[in-house]
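Visitor: The structure is given below, and queries will be raised subsequently.
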Amino acid sequence: MLYRRGSSVRIEVWSDVVCPWCYLGKRRMESAIANFEHADEVAVLWRSFELNPDAPRKEDMSVEEILSRKYGMSREEVREMNARITALAEAEGLEYRLDRARGANSFDAHRMIHLAAEHGIQGVMKERLMRAHFTESAAIGDPEELVRMAVEVGIEEGEARNVVQSDRFAKEVRQDEADAAALGISGVPFFVIDGTWGISGAQTTDVFAKALDEMWAELHPAAVQKA
C-alpha cells in the first residue's frame, strides 16, 4: 500500500539490484534529492522487483551471454548496448564492468534489503549490493556473499545468516511484487512519489528535481505562496 507519512515527501522505488538502469536511476534520484531545498523531508523506501525470478542462485553464464539469449542479439550488439549504458553510468559517477558481471537470482538480495530496513540502513544495503554486482563482479545470489556484504554495512553476522538460511522476508518481497503488479508496473526502475506521482525509467536528474518541487508545492501550498 502507498501512503503518506507526516509532511515528508515519500518516494517508493521498485527496482532490481541486477538492473543497470535501476542503479543509474537511483543515482539520478539521489542527486535531485541532494539539491532539493527540503531534502531532510524526503523519505525513500526501496521496493522489491525481480527482472528474472527464474534465474538460478548461481549462474554460469555471463551477463553478456544471458542478454544475448534473452533478446536474440549478437554478442557484439550486447557489448555495444552495454557500452552505451556504461557511459551514461560514468557520467553519474558510477563504474560499470558489465563485461565481467555475473548473472544471478536476486530474491535473497531483496530479502537482505528488507532486513536492512529494520536496522534503518535499507539504502546502504541497496547501494552495497548494486556496487557489488556492477563494479565488483560479485555473485549476489551466493548466500555467503550476501552475509559478507550485510556484515560490511553493520548487520550482525548471525542475523544475516539466519535470513539466507530461512524464508524470512519472503512474504515481504512477494508483497512488493504484488503491489507492483497492482499498480501496473511491468518494468523498472519505477518511482512513486507520495503515492501520487509515477516516474518510469531512469529519467534525468532534472525530471526528478521538477517532480520534487511540484509535489512539495502541492503538499505545502500556503508556504510556497508566501515565499
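The values are calculated or read from the model by the stated rules, or taken from the named source; none is laboratory data. Only a predicted model underlies this, so the values are computations on that prediction, with no experimental measurement involved. Here the Cβ positions follow ideal geometry from the backbone for every residue, glycine too, while neighbour counts run over all protein chains shown.
Visitor: Would you mind stating whether residue 64 is in contact (Cβ under 8 Å) with a residue 60 or more places away in the chain, among the charged types (D, E, K, R) and surrounded by 14 or more Cβ atoms within 10 Å (Cβ to Cβ)? Step through it out loud before you land on a result.
Guide: Working: in contact (Cβ under 8 Å) with a residue 60 or more places away in the chain: no; among the charged types (D, E, K, R): yes; surrounded by 14 or more Cβ atoms within 10 Å (Cβ to Cβ): yes.
No, not satisfied.
Visitor: Considering only residues that are over 22 Å from residue 177 (Cβ atoms) and touching a residue at least 60 places away in the same chain (Cβ under 8 Å), which ones fall in segment 102-133?
Guide: If the condition is that a residue be over 22 Å from residue 177 (Cβ atoms) and touching a residue at least 60 places away in the same chain (Cβ under 8 Å), then no residue fits.
Visitor: Sticking with this structure for a sec: Which ones in segment 170-208 are part of a loop (DSSP other than H, G, I, E, B), touching a residue at least 24 places away in the same chain (Cβ under 8 Å) and within 17 Å of the chain's Cα centre (by Cα)?
Guide: Within segment 170-208, 185, 188, 189, 201, 202, 203, 204 qualify.
Visitor: Still on this structure: Given (1) in contact with a helix residue (DSSP H, G or I) (Cβ under 9 Å, 6 or more places away or on another chain); (2) among the charged types (D, E, K, R); (3) modelled with pLDDT of 95 or more, identify the lone condition not met by residue 80.
Guide: (1)
Visitor: Taking only segment 68-111 into account, find how many residues are among the aliphatic types (A, V, I, L, M), surrounded by 19 or more Cβ atoms within 10 Å (Cβ to Cβ) and either over 22 Å from the mean Cα position of the chain (by Cα) or in a helix (DSSP H, G or I) (or both).
Guide: 3
Visitor: On to the next question. Name the residue, out of 21, 46, that is part of a strand (DSSP E or B) and touching a residue at least 24 places away in the same chain (Cβ under 8 Å). Explain how you work it out, then say what you get.
Guide: Working: 21 fails: part of a strand (DSSP E or B).
Unique residue meeting the criteria: 46.
Visitor: While we're here: For segment 166-201, name all the residues that are hydrophobic (A, V, I, L, M, F, W, C) and touching a Cys at 6+ places or on another chain (Cβ under 7 Å). Outline the logic, then answer.
Guide: As a first pass, look at segment 166-201 and keep what is hydrophobic (A, V, I, L, M, F, W, C): 169-170, 173, 178, 180-183, 185, 188, 190-193, 197, 199.
Passing the criteria: only 188.
Visitor: Residue 129 fails exactly one of the following numbered conditions: (1) under 16 Å from residue 14 (Cβ atoms); (2) surrounded by fewer than 21 Cβ atoms within 10 Å (Cβ to Cβ); (3) in contact with a helix residue (DSSP H, G or I) (Cβ under 9 Å, 6 or more places away or on another chain). What is the number of that condition?
Guide: Result: residue 129 fails condition (2) only.
Visitor: Still on this model: Report, by residue number, each residue of segment 137-159 that is of a type in the set (D, E, K, R) and part of a helix (DSSP H, G or I). Break it down into steps so the answer makes sense when it comes.
Guide: From segment 137-159, those of a type in the set (D, E, K, R) are 142, 144-145, 148, 152, 156-157, 159; that's our starting set.
Within segment 137-159, 144, 145, 148, 152, 157, 159 qualify.
The rows are residues; the columns are (1) of a type in the set (A, V, I, L, M); (2) at positive phi; (3) modelled with pLDDT under 95.
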{"position": "3", "(1), (2), (3)": "no, no, yes"}
{"position": "13", "(1), (2), (3)": "yes, no, no"}
{"position": "16", "(1), (2), (3)": "no, no, no"}
{"position": "25", "(1), (2), (3)": "no, no, no"}
{"position": "29", "(1), (2), (3)": "yes, no, no"}
{"position": "34", "(1), (2), (3)": "yes, no, no"}
{"position": "41", "(1), (2), (3)": "no, no, yes"}
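Visitor: Which condition number does residue 133 fail, the rest of (1) more than 28 Å from residue 101 (Cβ to Cβ); (2) modelled with pLDDT of 95 or more being met?
Guide: (1)
Visitor: Being among the charged types (D, E, K, R) and either within 18 Å of residue 46 (Cβ to Cβ) or in contact (Cβ under 8 Å) with a residue 60 or more places away in the chain (or both) is the filter here; which residues of segment 136-169 pass it?
Guide: Going through segment 136-169, the residues among the charged types (D, E, K, R) turn out to be 136, 142, 144-145, 148, 152, 156-157, 159, 161, 167-168.
142, 152, 168, listed by residue number.
Visitor: Scan segment 161-183 and tell me whether some residue there is in contact with a Ser or Thr (Cβ under 6 Å, 6 or more places away or on another chain), aliphatic (A, V, I, L, M) and surrounded by 13 or more Cβ atoms within 10 Å (Cβ to Cβ).
Guide: Among the residues of segment 161-183, at least one is in contact with a Ser or Thr (Cβ under 6 Å, 6 or more places away or on another chain), aliphatic (A, V, I, L, M) and surrounded by 13 or more Cβ atoms within 10 Å (Cβ to Cβ), which makes the answer yes.
Visitor: If you check 54, 40, 60, which single one turns out to be within 23 Å of residue 175 (Cβ to Cβ) and among the charged types (D, E, K, R)?
Guide: Working: 40 fails: within 23 Å of residue 175 (Cβ to Cβ); 60 fails: within 23 Å of residue 175 (Cβ to Cβ).
Residue meeting the stated conditions: 54.
Visitor: Looking at residue 194, is it crowded, with 17+ Cβ neighbours inside 10 Å, modelled with pLDDT under 95 and either farther than 18 Å from residue 107 by Cα or β-branched (Val, Ile, Thr) (or both)?
Guide: Working: crowded, with 17+ Cβ neighbours inside 10 Å: yes; modelled with pLDDT under 95: yes; either farther than 18 Å from residue 107 by Cα or β-branched (Val, Ile, Thr) (or both): yes.
Answer is yes for this residue.
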